[in-house]
Amino acid sequence: MNALKDDKRVAGYMSRLVLGDVQQFQNMMVVPLFTSINHGPDYLTLKEALEKALVSVVEVSLGGSVPELKVINQAELPVLLVDGEELAGARQNRVLNSSVLLREKSETVVPVSCSEQGRWSYRSRHFSHSGHIMAHKLRNLKSSTVAESLKKSQGYTSDQGAIWGHVQMLASHAGVQSPTHAMQDVFTAKMKDLDSYLDAFQPLPEQRGLLVLINGEIAGLDIVSLDRAYRFLHPTLVKSYALDALLELDGAAQSWPPLWDIDKATAFFKAASECKETKYPSIGYGQDYRFESRKVAGSALVADDKVIHMALYRLG
């Protein structure tokens, strides 16, 4: 898969984001993100499409293939799959390797990674939405390995061994025993604590994204093009960051809540705008942008000249 010509269109989009008032709980801060640009095209989120039975997700064959799933979209609208969203069931749980805007009335084979190492047997024919997006640090790791694969013209593949290893470390750190080494089991075990973060960080009208700080340092951001879509994604995105925050929470962090520093956000956006940008054909509509610098990395799905979903991570 060859890269298309670089440009800085996405960096220009970032310069027009508006930051809302900071929200804080324990060692995590959320800054709501807004923008007056970039409306449309219209689409459904994966979760709402699954709930309306407009989309079905199955193994690519009876025998299955670890790095691929088939998504059948029967809706009259495109459907947005977000990088890191987890699908549970079938032969083993998987997470999406990139954000994809599925074409309406289509069947698409999408690249995935396994988030459950110790199972290869059917629990159901169809996948359901687990209600989770990968823990933020793990999503960063996966994204970086997919970016390396794209550079080598090897498609949207990840380092599966590294992901399994990180899931095991995540479970160990959380003190969670999982018979199949499933990321979903970690989220389930910590759900009571994660609910406290969800209660603290409620979505605001017209909010389209969030910038997150953990222990006073920026972790990253996610933003989507439609505020309606963001409302569906908000709980999963908050939990993605909150699980890392929860595992980094200690007595010191609780006794001295870190203060909001706008200069950190300014520096993060500046570093992001200086990233090298490369774009590749997406699996569905549009192009997949990859960003890389010493301080920031990430990706964005762009269709019809609109940033549909963007995720950025602070490095180091």
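The values are calculated or read from the model by the stated rules, or taken from the named source; none is laboratory data. These figures come from a predicted structure and were not determined experimentally. Note that each Cβ is placed from the backbone with ideal geometry, even for glycine, and that neighbours are counted across all protein chains shown.
Quick look at the values:
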| read-out | value |
| --- | --- |
| Enumeration of residues in region 86-117 that are aliphatic (A, V, I, L, M) and either in a loop (DSSP other than H, G, I, E, B) or surrounded by 15 or more Cβ atoms within 10 Å (Cβ to Cβ) (or both) | Leu87, Ala88, Ala90, Val95, Leu96, Val100, Leu101, Leu102, Val110, Val112 |
| All positions within region 289-303 that are touching a helix residue (DSSP H, G or I) at 6+ places or on another chain (Cβ under 8 Å) and crowded, with 19+ Cβ neighbours inside 10 Å | Tyr289, Arg290, Phe291, Val296, Ala297, Gly298, Ser299, Ala300, Val302 |
| All positions within region 118-136 that are over 13 Å from the mean Cα position of the chain (by Cα) and in a loop (DSSP other than H, G, I, E, B) | Gly118, Arg119, Trp120, Ser121, Tyr122, Arg123, Ser124, Arg125 |
| Total residues in region 161-185, condition among the polar types (S, T, N, Q), out of contact with any helix residue (DSSP H, G or I) (no Cβ under 9 Å at 6 or more places or on another chain) and farther than 19 Å from Leu249 by Cα | 3 |
| Which numbered condition Arg123 fails, given (1) surrounded by 16 or more Cβ atoms within 10 Å (Cβ to Cβ); (2) more than 29 Å from Leu221 (Cβ to Cβ); (3) among the basic types (Lys, Arg) | (1) |
| Pairs, first over 20 Å from Leu213 (Cβ atoms) in region 26-38, second among the small types (Gly, Ala, Ser), C-beta under 6 Å, six or more apart | Asn38/Ser225 |
| Output for region 137-153, where each listed residue is polar (S, T, N, Q) and either assigned to a helix (DSSP H, G or I) or at pLDDT 95 or above (or both) | Asn140, Ser143, Ser144, Thr145, Ser149 |
| Long-range neighbours under 6 Å by Cβ, at least six apart or interchain, first residue under 18 Å from Leu246 (Cβ atoms) within region 203-222, second surrounded by fewer than 19 Cβ atoms within 10 Å (Cβ to Cβ) and hydrophobic (A, V, I, L, M, F, W, C) | Asn215/Ala253 |
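The rows are residues; the columns are (1) under 17 Å from Ala311 (Cα atoms); (2) small (Gly, Ala, Ser).
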| position | (1), (2) |
| --- | --- |
| Val57 | no, no |
| Leu96 | yes, no |
| Ser113 | no, yes |
| Trp120 | no, no |
| Arg125 | no, no |
| Ser144 | yes, yes |
| Lys152 | no, no |
